[in-house]
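Student: So that we are looking at the same thing, I have put the structure below in structure tokens.
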Amino acid sequence: MNRDTTITLTTHSVEETLALGERIGRGLTGGDCLALVGQLGAGKTYLVKGIARGLGVKNERSVNSPTFVLVNEYNGRVAIHHLDAYRLGSADELIDLGFEEMCADASIAIVEWADRVPEAMPANSLWIRIEVAGETDRRIEIRCSDATLAKRLADAGVGPSR
Amino acid sequence: MTIALGIETSCDETSVAIVESSPNEERLRVHCNLIATQFDLHAKFGGVVPEIASRAHLQKLDLLVREALESTGIAPADLDVVTVTCMPGLIGTLLVGVTAARTLAWSWDKPLLGVNHIHAHATSAAIELDAPPWPAVALVVSGGHTSLYHVRDWDDISLLGATIDDAAGEAFDKVAAILELGYPGGPIVDRRAATGNPAAVAFPRSMLKGESLDFSFSGLKTAVLYEVHGRGNTSGGLVGITEERIADICASFSQAVVDVLVAKTRQAVRSTGARSVVVGGGVAANSVLRRDLTAACSADGIAVHLTPMRYCTDNAAMIASHGIRLFERGHRSDLALGASANVKD
């Protein structure tokens, strides 16, 4: 059985959060599913902007909050579905949006506020928790239960703060 | 005379409308504008349906189309075109509307026309005007969108700028959540702001670099979070908070959002040479925005047209209205019309 790999690090600015996201994005491939957790203003959407950059999304401006529209789609190396469970009442509503198809091999699904619908998240999801640790400091915990994904992330330079 | 059926299913709302244009007047006649959440379907359903599911749109749509025709006495044969939102939105719910529209157009032997949902918001202020306001700068400001467009005519619209993170309406909702004021946040924050001091807290006005007409409201949301809880803190600040302080934070936050919206809209007017400003989307209801934008444009000699409240939230009247104008200008869609989650511009 795989042991979870947990990486904890701190970013000190929006730019550092974007850069971390970019490294995470470089390590991802079709079929990966990301669960993002963190309160209002923690920087979830900006981490996704970085991830999209790492996945080769050209128009980074188009990466914005899906709270109201529920799902944004971007085209990078693979298709990216950026979802938001903030307004959802249950895991069933996430499934109704077509979430299972979005987790298929050809695309990457990223779910903000995933802690609101944990039962809908695949078992091998990459869980990323962002905590406010100061005015611009963010403590970011990345928990991975998939050994190959952990290896890809390590190869992409995602590791503890140096 | 042209009569259009409109169908809107891009996100939460299922809506069906019938709109008529007359060659003798600019003003469109909205025969009906049925929105499922504002219309009692429970008796016909016999149960509660999930709000966002595609199947919920599917169940409601058929009933709404029948109700629209029956309540107005308009027969399918009287229609000239079937219009439908085909982008942007949730792909699953968009497909429900598009498939229904394709089927109706085919079975009634009527032309079909796909409409861009955001372009419909951008032109919704003109539905009941007696003269066309174009060329105009359109501010579309809602929970999901904050964009500026240059509208030269109903079918000649270009994007000038948009939010790069949160929409303005979303910022209102999340500030209401930070202050635990309830949902939906826009009207609540607006009401609380009325008794507060807009200069009490110097919240940031994010203008972005240079002449950009893009918006960013994410930093403002975080600034409110820290103002409430203290720098770098995210909890504890609501204990013993006074009503006066809540009003001051709401007023100062609203003023910061509106200052940016007004400044960028004026900048867009200057750069395009437009002679009027139109505003659509749910945040068009905000009293500070209505007041300040009207005052600013009046000072600049620019006319302002705010979308009537009934056409501010997602609705099919704006789809049929936009669609009827495109139809009159010769636009048609193929019966193989598809849906797109994104807009490519």
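The values are calculated or read from the model by the stated rules, or taken from the named source; none is laboratory data. Nothing here was measured: the structure is a model prediction, and the numbers come from that model. Here Cβ is always computed from backbone atoms with ideal geometry, including for glycine, and neighbour counts include all displayed protein chains.
Student: Do you know which residues across the range A:1-42 are β-branched (Val, Ile, Thr) and outside any strand (DSSP E or B)?
Tutor: A:Val14, A:Thr17, A:Ile24, A:Thr29
Student: Within the range B:103-140, can you find the residues that are surrounded by 22 or more Cβ atoms within 10 Å (Cβ to Cβ) and more than 25 Å from B:Leu90 (Cα to Cα)?
Tutor: Across the range B:103-140, the qualifying residues are B:Ala126, B:Ile127, B:Ala136, B:Val137.
Student: Could you list, in sequence order, the residues of the range B:143-179 that are in contact with a helix residue (DSSP H, G or I) (Cβ under 7 Å, 6 or more places away or on another chain), more than 7 Å from chain A (Cβ to nearest Cβ) and among the acidic types (Asp, Glu)?
Tutor: Those that are in contact with a helix residue (DSSP H, G or I) (Cβ under 7 Å, 6 or more places away or on another chain), more than 7 Å from chain A (Cβ to nearest Cβ) and among the acidic types (Asp, Glu): B:Asp155, B:Asp173.
Student: Those residues that are touching a strand residue (DSSP E or B) at 6+ places or on another chain (Cβ under 9 Å) and not in a strand (DSSP E or B), I need them from the range B:101-118; list them, please.
Tutor: Passing the criteria: B:Ala101, B:Arg102, B:Leu104, B:Ala105, B:Trp106, B:Trp108, B:Lys110, B:Pro111, B:His117, B:Ile118.
Student: While we're looking at this one, here's another question. Could we say that B:Gly185 is touching a helix residue (DSSP H, G or I) at 6+ places or on another chain (Cβ under 9 Å) and without any contact (Cβ under 8 Å) to a residue 24 or more places away in the chain here?
Tutor: yes
Student: Taking the residues in the range B:209-232 that are out of contact with any helix residue (DSSP H, G or I) (no Cβ under 8 Å at 6 or more places or on another chain) and within 30 Å of B:Thr272 (Cα to Cα) as candidates, determine which candidate is farthest from the other protein chains (Cβ to nearest Cβ).
Tutor: Ranking the qualifying residues of the range B:209-232, first place goes to B:Gly210.
Student: Follow-up. Any residue at all in the range A:87-102 that is in contact with a Lys or Arg (Cβ under 8 Å, 6 or more places away or on another chain), in a loop (DSSP other than H, G, I, E, B) and under 27 Å from A:Thr11 (Cβ atoms)?
Tutor: No; the residues of the range A:87-102 include none that is in contact with a Lys or Arg (Cβ under 8 Å, 6 or more places away or on another chain), in a loop (DSSP other than H, G, I, E, B) and under 27 Å from A:Thr11 (Cβ atoms).
Student: Sort through B:Ser206, B:Ser235 and tell me the only one that's of a type in the set (Ser, Thr, Tyr), part of a loop (DSSP other than H, G, I, E, B), exposed (fewer than 14 other Cβ atoms within 10 Å of the Cβ) and within 14 Å of chain A (Cβ to nearest Cβ).
Tutor: B:Ser235
Student: I've got another one for you. Regarding A:Ile95, is this residue touching a residue at least 12 places away in the same chain (Cβ under 8 Å) and within 14 Å of another protein chain (Cβ to nearest Cβ)?
Tutor: yes
Student: A further question follows. Quick one: count up the residues across the range B:318-345 that are within 22 Å of B:Thr99 (Cβ to Cβ), of a type outside the set (Gly, Ala, Ser), in a loop (DSSP other than H, G, I, E, B) and away from chain A (no Cβ under 14 Å).
Tutor: Adding up the residues that qualify gives 5.
Student: Among the numbered conditions (1) more than 16 Å from A:Leu126 (Cβ to Cβ); (2) more than 14 Å from chain B (Cβ to nearest Cβ), tell me where A:Arg3 comes up short.
Tutor: If we test A:Arg3 against (1) more than 16 Å from A:Leu126 (Cβ to Cβ); (2) more than 14 Å from chain B (Cβ to nearest Cβ), just (1) comes out false.
Student: Can you work out which of the residues in the range B:9-40 that are of a type in the set (D, E, K, R) and part of a strand (DSSP E or B) is nearest to B:Ala77 (Cα to Cα)?
Tutor: Out of the qualifying residues, it is B:Glu20.
Student: If the requirement is being at pLDDT below 95, in the same structural domain as B:Ala176 (by TED's automatic domain parsing) and surrounded by fewer than 24 Cβ atoms within 10 Å (Cβ to Cβ), which of these qualifies: B:Gly230, B:Gly301, B:Gly282?
Tutor: B:Gly230
Student: Among the residues of the range B:255-280, write down those that are in contact with a Leu (Cβ under 8 Å, 6 or more places away or on another chain) and in contact (Cβ under 8 Å) with a residue 60 or more places away in the chain.
Tutor: Passing the criteria: B:Val257, B:Leu261, B:Lys264, B:Thr265, B:Ala268, B:Ser271, B:Thr272, B:Val277, B:Val278, B:Val279, B:Gly280.
Here is a yes/no grid of residues against (1) β-branched (Val, Ile, Thr); (2) in the same structural domain as B:Cys32 (by TED's automatic domain parsing); (3) closer than 12 Å to B:Gly282 by Cα:
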{"residue": "B:Leu112", "(1), (2), (3)": "no, yes, no"}
{"residue": "B:Arg152", "(1), (2), (3)": "no, no, no"}
{"residue": "B:Ile164", "(1), (2), (3)": "yes, no, no"}
{"residue": "B:Ala167", "(1), (2), (3)": "no, no, yes"}
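Student: Now for a separate question. Considering each residue of the range B:141-159, count those that are surrounded by 22 or more Cβ atoms within 10 Å (Cβ to Cβ) and in contact with a Phe, Trp or Tyr (Cβ under 7 Å, 6 or more places away or on another chain), and give that number.
Tutor: Number of matching residues: 4.
Student: Filter the range A:106-162 for residues that are within 13 Å of chain B (Cβ to nearest Cβ) and at positive phi; which is surrounded by the fewest Cβ atoms within 10 Å (Cβ to Cβ)?
Tutor: Taking the candidates together, the pick is A:Gly134.
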